[in-house]
Amino acid sequence: MAIRHFLTLQDLSPSELKGLIDRAIELKKLHREGKSPQPMTGKILGMVFEKASTRTRVSFEAGMAQLGGQSIFLSPRDTQLGRGEPIEDSARVLSRMVDVVMIRTFGHEIVERFAEYSRVPVINGLTDAYHPCQLLADLQTFVEHRGDPQGKVVAWVGDGNNMCQSFINAAQMWDFELRVACPPGFEPDPELVAANAKWVTVVNDAREAVKGAHWVATDVWASMGQEEEQKARRKQFADFQVNHELLSGAASDVIFMHCLPAHRGEEVSADLLEDEKISVVWDEAENRLHAQKALLEFLLER
Ligand code: CP
Ligand code: NVA
């Protein structure tokens, strides 16, 4: 059977995606009951991190262990990847030793090249262009709190990069209306937007995007690799903070998500982040664990 990779949400069909979210919810329940299945016994996950991580690393490592498997953390600092060994060679070698590989890196083409040369499934743990694992957790969280997102109005406020672009993929796959609000010059890839025009609109006004929204999400203004732009971006994104005042124009049952880490007082106000009536960020973070366990099962159990 052909290997399946998970480089963007589009590597699943909409029905596979829905099945995976249902399974994540079931695995969460089983875990709480102390009945985690262990289908990964004897399997190994290789995790390549070229950027920092808390949630992605811990959720994959804990998830793999709960499923009976093991994981190996690999950073460029102490592997040959950091000394220039080609990605194609690393892919061929690692995929002869482990059963599945997760990569967090910069250019999206790096995970694509790795997958091309890999004998085992490859999971995108974040690139500059997409963060599909986070969207699995976010979709699970919406389903748990509000039910099916189909037909809902979702607003993305902030940078049009990796998280936003994975929301665009999710809108198409789950059939919800996505309104993206970015400062001029920070919009998502126009080709991706054009290809998803049925679901996505892009504006430069956060209020307009949030009007009547059932689900509002944001992310840091300067992503990993953009640290030197942090100061300039603080000014450019100043009108894009998600706070109670902005959400006063949203639906009365709006929920707020943030992939974390959050910068309180920048992209989100401290009091909104901590407002448990609206903000579901801690459930969202926890769901990385359950959603990725469902993903590992899906990729390895077929
Ligand atoms: N949301 C997320 O991917 O967090 P980490 O950078 O901590 O993995
Ligand atoms: N957009 C952020 C997401 C971190 C999980 C980044 O790329 O740094």
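Here are a few things to note about the model shown:
- Computed with a 1.4 Å probe over protein heavy atoms only, the accessible surface of the range 160-302 comes to 41 Å² per residue.
- Using a simple spin-label model with pseudo-atoms 7 Å out from Cα toward Cβ, A195 and K211 lie 3.0 nm apart.
- The value obtained for the chain, namely the Cα convex hull volume divided by the number of residues, is 127 Å³ per residue.
- Annotation for D78 and D271: the two label points, set 7 Å from Cα along the Cα-Cβ direction, are 4.6 nm apart.
- Choice from L20, L74, L139 showing the highest fluctuation, given a GNM over the chain with Cα pairs closer than 10 Å: L74
- Cross-link partners of K28 among aspartates and glutamates (Cα-Cα below 12 Å; sequence separation of 8 or more within a chain): E144, D283, E286
- On the beta carbon distance between E85 and D175, with R0 = 30 Å, the FRET formula returns roughly 0.10.
- Most positive-pole-ward Cα, T79, Q66, L30, against dipole of the range 1-102 from beta carbon charges: L30
- Gap separating the Cα centres of the range 134-158 and the range 185-262, nearest whole Å: 14 Å
- Kirkwood hydrodynamic radius over Cα pairs of the range 150-196, then Stokes diffusion coefficient at 10 °C and 1.306 mPa s, in µm²/s: 150 µm²/s
- Charge tally for F49 (other residues, Cβ to Cβ under 14 Å; Lys, Arg +1; Asp, Glu -1): +2.
- Using only side-chain charges placed at the Cβ, +1 for Lys and Arg and -1 for Asp and Glu, the dipole size of the range 62-116 relative to its Cα centre rounds to 180 debye.
- Magnitude of the charge dipole, the chain, Cβ model with Lys/Arg +1 and Asp/Glu -1, debye to 20: 760 debye
- Dipole of the range 211-270, positive direction: furthest Cα of C259, A213, S248, with charges on the beta-carbon: S248
- Cleavage-rule hits (GluC sites (Glu not before Pro)) in the range 1-40: DSSP loop, at most 10 neighbouring Cβ within 10 angstrom: E33
- Surface exposure of the range 36-96, expressed per residue as accessible area with a 1.4 Å probe, stands at 51 Å².
- Here the accessible area is traced with a 1.4 Å probe on the protein chains. For the range 124-254, carbon and sulfur cover 48 percent of it.
- Inter-label distance for S252 and F106, nm, one decimal - labels placed 7 Å from Cα along Cα-to-Cβ: 5.0 nm
- Solvent-accessible area, 1.4 Å probe, carbon plus sulfur percent, for the range 1-81: 53 percent
- Neighbour cut-off at most 12 other Cβ (10 Å), DSSP loop, trypsin sites (Lys or Arg not before Pro), the range 164-266: K198
- Using 0.36 nm per residue and subtracting the Cα-Cα separation, the extra length available between I44 and H145 on full extension is 33.1 nm.
The values are calculated or read from the model by the stated rules, or taken from the named source; none is laboratory data. Just so it is clear, the structure is predicted and the values come from calculations on it, not from any experiment. Virtual Cβ from ideal backbone geometry, glycine too; neighbours counted across all protein chains shown. Remember, those area values only see protein heavy atoms, side chains included, never the ligands or the DNA or RNA. Shrake-Rupley method; radii C 1.70, N 1.55, O 1.52, S 1.80 Å.
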